[in-house]
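**Q** The structure that follows is given in the form of structure tokens.
Nothing in this text is a laboratory measurement; each read-out follows from the coordinates by a stated rule. Being a predicted model, the structure only gives us computed values, none of them experimental. Cβ atoms come from the backbone with ideal geometry, glycine included; neighbour counts cover every protein chain shown.
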Amino acid sequence: MAIDTIPDAGVEIPEITQVGIVVEDIEDGMERFDSILGISPWEVYRFEPPKLSETTYRGEDHDYTMTLALADLAGMMVELIEPTEGKSIYTEHLEEHGEGLHHVACFAFENTEETVQQFEEAGMEVLQSGTFVDTPYWYLDTQEQLNGMIFETATNLESMPEPDETYPR
């Protein structure tokens with residue numbers, strides 16, 4: 001779908017840090033990506049309270065949880081996301097599209113909060129956000145402007161805790 005006016009957010013991304021994929025079952029997803037593409041090991045995190053806080057969905061405070069699996073592929077993070085509780089942009093994706101590519105992300109901004117503000121001022125609102133331990137994250141509604149793609153950013157990734165488990169075990 002073409003848009004009449006392409007907004008100028010004034011954002012220049014230094015890198016694509018991550019590609020995010022929504023899956024129905026995290027174990028199945030890790031096994032597939034390992035056996036077919038050789039992507040492993042995976043670090044698995046359960047995003048749920050009390051580690052997960054300040055969650056919003058479509059502009060309102062809203063509870064949701066998910067399980068993430070992260071793996072490195074040539075310096076880029078591959079993320080698998082299994083929604084576990086509550087309505088979220090992940091459950092929306094599964095309902096509307098099934099499993100598959102969900103977002104790209106950049107975690108290398110010098111001032112992440114300012115970058116989020118630039119997107120919002122250009123009309124691309126925060127779809128979903130939260131804080132995992134001390135790592136805030138934002139998913140921006142860039143779908144109309146970027147051909148169906150959601151853009152994510154986060155800050156303070158160095159504060160991520162040790163994973164809940166790894167795959168293969």
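**Q** Considering only the stretch 43-61, state which residues are surrounded by 15 or more Cβ atoms within 10 Å (Cβ to Cβ) and touching a helix residue (DSSP H, G or I) at 6+ places or on another chain (Cβ under 9 Å).
**A** V44, Y57
**Q** How many residues does the stretch 57-98 contain that are touching a strand residue (DSSP E or B) at 6+ places or on another chain (Cβ under 6 Å), under 19 Å from T166 (Cα atoms) and among the hydrophobic types (A, V, I, L, M, F, W, C)?
**A** So the count comes out to 9.
**Q** Consider H93 against the criteria (1) buried (at least 18 other Cβ atoms within 10 Å of the Cβ); (2) in contact with a helix residue (DSSP H, G or I) (Cβ under 7 Å, 6 or more places away or on another chain): it satisfies all of them except one. Which criterion is unmet?
**A** Of everything listed in (1) buried (at least 18 other Cβ atoms within 10 Å of the Cβ); (2) in contact with a helix residue (DSSP H, G or I) (Cβ under 7 Å, 6 or more places away or on another chain), H93 misses just condition (2).
**Q** While we're here: Can you pull out every residue in the stretch 88-112 that is assigned to a loop (DSSP other than H, G, I, E, B) and of a type outside the set (G, A, S)?
**A** Those that are assigned to a loop (DSSP other than H, G, I, E, B) and of a type outside the set (G, A, S): E99, F107, F109, E110, N111.
**Q** Within the stretch 141-150, can you find the residues that are touching a helix residue (DSSP H, G or I) at 6+ places or on another chain (Cβ under 9 Å) and within 15 Å of D8 (Cα to Cα)?
**A** Listed by number, the residues that qualify are D141, T142.
**Q** Which pairs do you get when a residue that is closer than 21 Å to S88 by Cβ, found in the stretch 140-169, comes within reach of a residue that is loosely packed, with under 11 Cβ neighbours inside 10 Å, reach meaning Cβ atoms under 8 angstrom, with the pair 6+ apart or on two chains?
**A** Close Cβ pairs satisfying both conditions: E144/M1; E144/I3.
**Q** Please go through the stretch 17-42 and pick out each residue that is of a type outside the set (A, V, I, L, M, F, W, C), surrounded by fewer than 18 Cβ atoms within 10 Å (Cβ to Cβ) and not in a loop (DSSP other than H, G, I, E, B).
**A** Listed by number, the residues that qualify are E27, D28, E31, R32, D34, S35.
**Q** Among the residues of the stretch 33-56 satisfying the criterion of being more than 17 Å from the chain's Cα centre (by Cα) and among the small types (G, A, S), which is farthest from M160 (Cα to Cα)?
**A** Here the residue is S35.
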